[in-house]
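In what follows, a single structure is set out as structure tokens and then discussed.
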Amino acid sequence: MTDVSDDQRVLEVAGLHRAFGSVQAVHDVSFCLARGGSLGIVGESGSGKTTTARIIVGLERADSGRVLVRGRDRSAAAGRGRGARLERAREVQMVFQDPFLSLDPRVTVGSVLRETLRLHVPEAKADHDRRVEELLDQVGLGAREAGAMPRQLSGGQRQRVAIARALAVEPAVLVLDEAVAALDVSVQAQILNLLADIRQDTGIGYLFITHDLGVVRCVTEDVVVMRHGRIVESGRTAEVLADPQHAYTRLLLDSVPRPGWNPKAIAVARRAL
Amino acid sequence: MTTALVRRPGLARVRTNRPLLYLLCLGFLGVVVLLALLAPWLSPHDPNAVDLGNALAGPSAAHPLGADGSGRDTASRLITGARTSLLGPLGVVAFSTVAGVVVGVAAGWRGGWLDSVLSRTTELVFAFPGLLLAILIVSIYGEGLIAPVVALGVAYLPYVSRLTRSLVLAERERPYVEAYQVQGHSAVQICLRHVLPNIAPVVLAQSTINFGYALIDLAGLSFLGLGVPALTPDWGRMVFDGESAIQAGYPLSAILPCVAIVLTVVAFNVVGERWADQVARRDR
Amino acid sequence: MTNTLEIDGLRLHLPGAARPVLAGIDLTVGARETVALVGESGSGKSLTSRSVLRLLPPGATTEGRVAVQGQDVLTMDAKQLRQLRTHTAAMIFQDPRAAINPLRRIGDFLTESLRLNADTPAQQADERAVRMLDAVGLGERVLRQYPGQLSGGMLQRVMIASALMGDPALILADEPTTALDVTTQAEVVGLLDDLRERFGTGLLFVTHDLGLAAAISDRVYVMYAGRIAETGPAEALFDRPRHPYTAALLRSTPRLDAPQGRLAAIKGQPPSLKEELTGCPFAARCPFATQACAEELPPHRPVPGEPDRLVACHHSDQLADQLAGSAAHD
């Protein structure tokens, strides 16, 4: 992992542990994300990557370890009140995998955004309509979509709405949990480009949870490879992908289908690991 | 949606995939409700006007559906009786729906010990027959509409609360609920603004079906002479009053309220089930 | 030699759709051949493979011919159809957990169709089940286990074993590895390839993953909006795409061997079923589209010098260098 000086870290995760019964889902996971940076967490199902993300967002609690955003401990029992809740929301936001399930089917796109704005910016009521327009514009949607119900939108459009909803809070870190996995290739590329633009414009930090090494390569600067709840390798994305040090990282890389691909050798390597 | 509505065995066989049947039932219910609302203007006679000279009279121009053993006009009593017969179940359903939803949401959302306490308590109520509970309460507090309505409301609460609980459990698993949590919305806000409206159609469908059952149960109580005061026109009471007429070989004044009860209950069932089906189809 | 699967001019209409969902599909799978059918969601690739078993959505009407080993599936009676599904062609679904009854033992699941549809004695069916489980690398023990006790990868092996139970001539695999991890995917794909070789079946592999299609298949069909956009040998098609859609799809995939930075996304979205299409279905999103593209439907034409390739694009020949260049370059 690259050395990031303390004041440049927007997110720092230290010594996270989480067990479900006898299964150690997350075991001593530590990493940090630079301000405006993009970090990928790669792993297969059961690697603990999603649990890690959920702990960071606050949907899951860690048995031990700390999550700091801008140097402030999120897990601190500081507040259960409204103020603390909103403060936590402004630190980290999340985009979920399935755009068909992450929006309330009964609420229009405009209302989704207005609802969030009303919660976080209750004073400036007059400005909400303009802000909704801005947010939709930022994710490439127009006034026509603002009045639409989620079911009238395509998967890509819904994922844009989910991104706009997360941005409405103006968080420091955006966690993207397999956020493009359910999309078609041509739409996926649009969303990945959109995310790159947003990061450039706003300086938001990304935590990309994915199983797809192609996506990691495309949108992250640093990467963490997880297996069975532990980090097996981490470093600059380009270096890790070009010269993997851990056998599991190599296996993951070899498993990506390409012409001249040899699935049987991969199966052998997998069993050997 | 995998959650099945609770239906009684005999009525579960009434299939509702025919739109014509649904429309007929909906129309029938509309007519019954209209009759109940406009009863004072529609009744050809005073439903309680006794005319012993006319006792057990057959249908005639003055009394289109005949008269009962005391010479009261059957048509008027049917129309006016629709009021009590519908008002009682309405009370039962309103009480059981509101209380059941509160209990179900609390149990499903909060989980843990609260869920255990609430679920076990409602199961206890479930185990106790509603009709028996109502008879008990009526025998303590005397006749009147309030006591049996409250008793049946409590007895029907578990149907609604169990359904609500399972719906809430399924709904809170949906990522959109987590998305709102991450956004900083409070649990109460998420429940009221998003979870409840999403599960409401199914709960209302169940309540519609419950309406029919409450109607049967209240009519049964009236038939037993419990519940509705003697002189109030009520379908169940009319069946009870008509017993002697049947023995006299003149069954019309007892059969007609029976028919009204059965048709109304079936209609509520068909409509409720159809609504549930529509919700299920929309969800897919 | 006849082809294992031959689809000629298959058109499929659905009630409520403004245009045919499948608008004239021609496709063949030879014996022992692996053919990939690639497309995005809504392109009709899954419907095409399902129509081979006549698993059609309610209200669907079809035209054309779908022949498995010379027999037309679309005109079969119920008994022939059962015979086809039990013995001649088998399907592997995307999500094995959804396709296997969780309350029945694996053994029951494997032998059920043989016992019920082919009157095979139970013992014989059991023996075959053991042999097939062995072929997919699972032990006899699995017979008595329940789906909940197996991992996703193991369940997909069970699906494959069940597909092989009736000794089919054709296996239809509909995104069989999409729900699996990448390392498990490699294993399942390797297994499928092995078994195809060993049992001499044809394999129609439906996928959205171009890389996977290129890696495993002999020939590829690229579908867009209910039509075949382009077809040819896998290697040639990916090295030198002749249809702008294929080229654009290749460039928008985040690959490990492409340069970092922005992807070349395809603008817009695939046409919805509610809109009618005139001309080339890709015209609205195509950077090379001309007036002719919007007005006239491009026919499938052979690629000069490459006899086994067909492409449906008016400008394919003029664009050849541009398309191939961009694909190789990026």
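The values are calculated or read from the model by the stated rules, or taken from the named source; none is laboratory data. These numbers come from a predicted model, not from an experiment. Cβ placement follows ideal geometry from the backbone for every residue including glycine, while neighbour counts extend to all protein chains displayed.
Okay, here's what the table says:
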item	result
Residue in segment C:268-275 that is among the small types (Gly, Ala, Ser), in contact with a helix residue (DSSP H, G or I) (Cβ under 8 Å, 6 or more places away or on another chain) and surrounded by 17 or more Cβ atoms within 10 Å (Cβ to Cβ) present	no
So A:VAL57, is it crowded, with 18+ Cβ neighbours inside 10 Å, at pLDDT 90 or above, within 17 Å of A:PHE31 (Cβ to Cβ) and at the interface with chain B (Cβ under 10 Å from one of its Cβ atoms)	yes
Within segment A:202-237, considering residues that are more than 18 Å from A:THR50 (Cα to Cα) and at the interface with another protein chain (Cβ under 7 Å from one of its Cβ atoms), the one surrounded by the fewest Cβ atoms within 10 Å (Cβ to Cβ)	A:GLY214
Qualifying residues in segment B:219-257 (those that are among the aliphatic types (A, V, I, L, M) and not in a helix (DSSP H, G or I)) - the one modelled with the highest pLDDT	B:LEU224
From C:ALA179, C:ALA213, residue being assigned to a loop (DSSP other than H, G, I, E, B), buried (at least 18 other Cβ atoms within 10 Å of the Cβ), among the aliphatic types (A, V, I, L, M) and in contact (Cβ under 8 Å) with a residue 60 or more places away in the chain	C:ALA179
Some residue of segment A:239-258 being among the small types (Gly, Ala, Ser), in contact with a strand residue (DSSP E or B) (Cβ under 6 Å, 6 or more places away or on another chain) and more than 25 Å from C:THR246 (Cβ to Cβ)	no
Residues satisfying the stated conditions in segment C:185-207, i.e. within 9 Å of another protein chain (Cβ to nearest Cβ), more than 26 Å from C:MET223 (Cβ to Cβ) and either among the aromatic types (Phe, Trp, Tyr) or crowded, with 20+ Cβ neighbours inside 10 Å (or both)	C:GLU187
Filtered residue count, segment C:100-114, keeping only those that are assigned to a helix (DSSP H, G or I) and either touching a Lys or Arg at 6+ places or on another chain (Cβ under 6 Å) or surrounded by 18 or more Cβ atoms within 10 Å (Cβ to Cβ) (or both)	7
Residues (among the charged types (D, E, K, R) and in a loop (DSSP other than H, G, I, E, B)) located in segment B:19-75	B:ASP46, B:ASP51, B:ASP68, B:ARG72
Residue match in segment A:63-76 (condition: modelled with pLDDT of 90 or more, of a type in the set (S, T, N, Q), farther than 18 Å from A:GLY229 by Cα and crowded, with 16+ Cβ neighbours inside 10 Å)	no
Pick from segment C:227-245, criterion part of a helix (DSSP H, G or I) and touching a residue at least 40 places away in the same chain (Cβ under 8 Å), ranking: surrounded by the fewest Cβ atoms within 10 Å (Cβ to Cβ)	C:ASP239
Residue ranges of helices (runs of 4 or more DSSP H) in segment B:84-179 with at least 1 members of a type in the set (D, E, K, R)	B:112-127, B:146-172
Spans of helices (runs of 4 or more DSSP H) in segment C:1-99 with at least 2 residues among the small types (Gly, Ala, Ser) and not assigned by TED's automatic domain parsing to the domain that holds C:SER272	C:45-51, C:96-99
From C:ASP218, C:ASP239, residue being within 12 Å of chain A (Cβ to nearest Cβ) and among the acidic types (Asp, Glu)	C:ASP239
Matching residues, segment C:246-263, being touching a helix residue (DSSP H, G or I) at 6+ places or on another chain (Cβ under 7 Å), assigned to a loop (DSSP other than H, G, I, E, B) and buried (at least 17 other Cβ atoms within 10 Å of the Cβ)	C:THR253, C:PRO254, C:ARG255, C:LEU263
Segment A:88-116: number of residues that are more than 9 Å from every other protein chain (Cβ to nearest Cβ) and farther than 18 Å from A:PRO150 by Cβ	1
Residues satisfying the stated conditions in segment A:240-253, i.e. part of a helix (DSSP H, G or I), more than 8 Å from chain C (Cβ to nearest Cβ) and buried (at least 18 other Cβ atoms within 10 Å of the Cβ)	A:VAL240, A:TYR248, A:THR249
